[in-house]
1. List the number of the failed condition for Phe120; all other conditions in (1) surrounded by 20 or more Cβ atoms within 10 Å (Cβ to Cβ); (2) in a helix (DSSP H, G or I); (3) within 14 Å of the ligand (Cβ to nearest atom) hold.
2. How many residues, within segment 115-129, are farther than 30 Å from Ala225 by Cβ and within 22 Å of the chain's Cα centre (by Cα)?
3. Can you tell me which residue within segment 199-215, out of those that are touching a residue at least 60 places away in the same chain (Cβ under 8 Å) and under 18 Å from the mean Cα position of the chain (by Cα), is nearest to Asn127 (Cα to Cα)?
4. For segment 23-60, which residues satisfy the criterion of being loosely packed, with under 15 Cβ neighbours inside 10 Å and basic (Lys, Arg)?
5. Tell me the residue from Phe96, Phe5, Phe20 that is aromatic (Phe, Trp, Tyr), within 13 Å of Tyr117 (Cβ to Cβ) and touching a strand residue (DSSP E or B) at 6+ places or on another chain (Cβ under 7 Å), please.
6. Checking Met132 against (1) surrounded by 14 or more Cβ atoms within 10 Å (Cβ to Cβ); (2) farther than 18 Å from Ala21 by Cβ, which test does it fail?
7. Give me the pairs, please: first residue somewhere in segment 98-121 and among the acidic types (Asp, Glu), second residue anywhere and at pLDDT 95 or above, beta-carbon distance under 6 Å, and either six or more positions apart or on two chains.
8. Identify the residue in segment 61-98 that is near the ligand (Cβ under 10 Å from one of its atoms) and closer than 18 Å to Glu39 by Cα and, among all such residues, is surrounded by the most Cβ atoms within 10 Å (Cβ to Cβ).
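The values are calculated or read from the model by the stated rules, or taken from the named source; none is laboratory data. This structure is a prediction, so every number in the text was calculated from the model and none was measured. Please note: Cβ atoms are built from the backbone with ideal geometry, for glycine as well, and neighbour counts cover all protein chains shown.
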Amino acid sequence: MNILFLIGSPRKKSSASCYFARILKFFLTLGRFGKIKVEIAEIPPKAAPDIMTKLAAADKVVIFTPLYCDGMPSHVISFLQQAEIFCRQNPCSFDFYAVCNNGFIEGRQNEACLNQYQCFCQKTGVNWCGGMGIGGGEMLHFLAKVYPFVFLFFIVLFVIGLFKGYSDKFALSQLAEEIGVYLFFTWYCYFSLARVAAKIANGKTLKKNIYSRAFVPAIIFMFFASIFMCLGSLLNGRIIFTLLGKDKTPAPKQI
Ligand SMILES: Cc1cc2nc3c(=O)[nH]c(=O)nc-3n(C[C@H](O)[C@H](O)[C@H](O)COP(=O)(O)O)c2cc1C
């Protein structure tokens, strides 16, 4: 079975979309070596003739996109327009799934975007098999980047202890605690992706779209997400340099 994963985030490989694609690929290929071939391709900003050829050869296509202003990124819209023309002129008989992730915590906010993909399928004549919306995509991706270093830190601490001739119980218990915290936040998303993977592998349609999220109460999410956004803006120089920088707008002419 040939499965094509399309990454529709402008952030490409460093995107949350690509991270979710890798997890889904892991679940899809788990225990099915050789039976399922998954290729990951990025949707380019302009014309995509290579991807069109891949579309024609694929049994299943899964598109991964971020939610931008309750819709899909603009380059994905133009890609879908090209794909629509291509699939009308060439035989395309793939099953189409979509996985959208958004910054806010509610995965259901992706519903409108998933409906747009369904409309694309109806217009193009390919088989819409359902979608998944992941809330807190940015948070889940951030945790996946940071936590391996936290785990490594306590493993190194434990190993140093062993070299010094004692078993560092504090490092071990901290490591177990951090793994627990990580799994607590992420289990629901992993579980939902595993459900989608099972449906894809068994050639089934999702009866309803699946909505998932980072497993954290919205109020706590909002508090930390606000701090995260402010710090991100500060580190990118957008707040400090824009607010405190010199105003370069030319002064209006005096009449
Ligand atoms: C231009 C822009 C518009 C966005 N609009 C929304 C939105 O309407 N709702 C939302 O929850 N998140 C929104 N986000 C946040 C992204 O969906 C979120 O950061 C996502 O995890 C990015 O995924 P990626 O890394 O795959 O690009 C927006 C982000 C950008 C840059």
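1. (3)
2. If we filter segment 115-129 for residues that are farther than 30 Å from Ala225 by Cβ, which is where we start, we get 119-129.
If we keep only those that are within 22 Å of the chain's Cα centre (by Cα) as well, we get 119-121, 128-129.
Residues that pass the stated criteria total 5.
3. Going through the qualifying residues, I end up with Ile200.
4. If the condition is that a residue be loosely packed, with under 15 Cβ neighbours inside 10 Å and basic (Lys, Arg), then Arg32, Lys35, Lys37, Lys46 are the ones that fit.
5. Numbers: Phe5 fails: within 13 Å of Tyr117 (Cβ to Cβ); Phe20 fails: within 13 Å of Tyr117 (Cβ to Cβ).
Going through Phe96, Phe5, Phe20 in turn, the sole match is Phe96.
6. Looking at each condition in turn, Met132 falls short on (2).
7. Glu106/Gly135
8. Among residues in segment 61-98 that are near the ligand (Cβ under 10 Å from one of its atoms) and closer than 18 Å to Glu39 by Cα, the one surrounded by the most Cβ atoms within 10 Å (Cβ to Cβ) is Phe64.
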